[in-house]
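To keep things clear, I will list the structure first and then write my remarks on it.
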Amino acid sequence: MFKDNMYVYPKSVYKRGDSEYCIAVTDGVAVLSVSGSDIALFDGTETSQAGVPVKLCPLTVANSKIIRKLFDFTNPGSHKGSKTTIGLGDRLGLATPGHIRAVRDLEVFPVFAQQSMRELNLTGRTYDDVLAAAVWAVFREGYTKGYGADGDHLKTHDEIKHAIDCGYTMITLDCSEHIQGDLESSSEAVIKHVISIYNDLIKGTDVDFEVSIDETLTATSPQSHYSVARELIKQGVEITSLAPRFVGEFQKGIDYIGSVSGFEQDFLEHKKIAEELGYKLSIHSGSDKFSIFPVIGRLTDGRFHLKTAGTSWLEAVRVIAQHEPELYREMHIFALDNLQEAKKYYSITENTSNIADINNIEDTALVDYLDQDDARRVLHITYGLILLAKTKSGEPLFRDRIYKALNTYESEYSAALDKHIGKHLYALGQVNK
Ligand code: ZN
């Protein structure tokens, strides 16, 4: 809707005392517009609209912290007690409005802010930035049902303390550095590490605590899952969720690789343990695992945590392929040229000879790359290199153009995410009741 020649997001209009709030777009940039006595609380530029003083405030981390103080629903919260929870990582800080559309009418608790240290480093963002993007989206879309913020795959005391200090409500402790070879032979080291982190930082808080033992070379045996988790609980650790490494392969942004019935057997064993010990199973690298989603939904009766992230980046790339073919072509060639570098951070088994030569592809068919597994994997794992790439003179090579394109095609991006994350949730058995 339009007000005083500015586009105003219709769900972003709030009153608080004598103050009125909305998120408006001026000169192509979204800002917070505040009138009334709350003007004094925010950083921004004072102006007037129809004779009324108004402050136009940039959507910064500092202003988001004021919003969190004034509007309680914009704060992330714990999801203990929520049956179905889903991590919806947003590496660009632009995906949450689309994620909100996908979950709004479902009984699903979303974790909108979810980022690992690896992802922070590869995108040049901070935990404050990631949470602020979620806060602004929730405020803009009037999403009051609650959401979480996950400091994902954290390994050290300092990392975890920092995420909690920034307001994160879920911590995923990555134990991989304490697991040499299989879990069985290193379980003592793991247990000691988890207990020390838990007692120092988590105990007595409302933080959702996830124990992640998935980044190992071999699948977690149900026996070692049971013995480690039982010992942790005996020592007083309250586990909200636990991520074993399941059988088969969970490569980024593509379907499960392996036997679905083999997965079902393995998953069932882990699920029984989780149920007995009183926490949820967490499924990592959960983007696009369509062949096993029905199994997960059915065996858990909807009680699970599933993490996605890369697939929302790939939907952004899809929008670029559809609307900015030249930009897509450059990104595609860059991704292939820099694949070996990206494989230092992510392990995939792509076969680039399956990716058709882009010089022979018409603009209208570029989008088909986003439906081809090898191209998806390459475009997925090179996101950080693409976002941080610089020209010879030090300017961002792609970053600004990517943000500009996605701001221009914002409604297309939201619609694509609604559809694609909606497809995940539907396959997991989540339907509008
Ligand atoms: Zn993981």
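I'd like the full set of residues that are part of a loop (DSSP other than H, G, I, E, B), in contact with a helix residue (DSSP H, G or I) (Cβ under 6 Å, 6 or more places away or on another chain) and surrounded by fewer than 21 Cβ atoms within 10 Å (Cβ to Cβ), limited to region 125-154. Across region 125-154, the qualifying residues are G142, T144. Being hydroxyl-bearing (S, T, Y), modelled with pLDDT of 95 or more and within 19 Å of T311 (Cβ to Cβ) holds for only one residue in Y409, Y345, and it is Y409. Where helices (runs of 4 or more DSSP H) fall wholly inside region 266-362, no range has 3 or more residues that are within 16 Å of the ligand (Cβ to nearest atom) and out of contact with any Leu (no Cβ under 9 Å at 6 or more places or on another chain).
The numbered conditions (1) more than 26 Å from I386 (Cβ to Cβ); (2) open to solvent by 50 Å² or more (accessible area, probe 1.4 Å) are all true for I66 except (2).
Considering (1) more than 16 Å from the ligand (Cβ to nearest atom); (2) hydrophobic (A, V, I, L, M, F, W, C); (3) open to solvent by less than 20 Å² (accessible area, probe 1.4 Å), the lone condition that I213 does not fulfil carries the number (1). For the residues I257, I273, the requirement of being open to solvent by 60 Å² or more (accessible area, probe 1.4 Å) and not aromatic (F, W, Y) singles out I257. Counting only residues that are surrounded by 20 or more Cβ atoms within 10 Å (Cβ to Cβ) and closer than 30 Å to D129 by Cβ, region 168-191 holds 8 of them. Would you mind stating whether T144 is out of contact with any Pro (no Cβ under 7 Å at 6 or more places or on another chain), more than 16 Å from the ligand (Cβ to nearest atom) and not aromatic (F, W, Y)? Answer is yes for this residue.
The values are calculated or read from the model by the stated rules, or taken from the named source; none is laboratory data. Here the structure is a predicted model, which is why all the values come from computation and not from measurement. All Cβ positions, even for glycine, are placed from backbone atoms using ideal geometry, and neighbour counts span all protein chains on display. The protein model used for the area step is the full one, side chains on, heavy atoms only, and it has no ligands, DNA or RNA in it. Shrake-Rupley method; radii C 1.70, N 1.55, O 1.52, S 1.80 Å.
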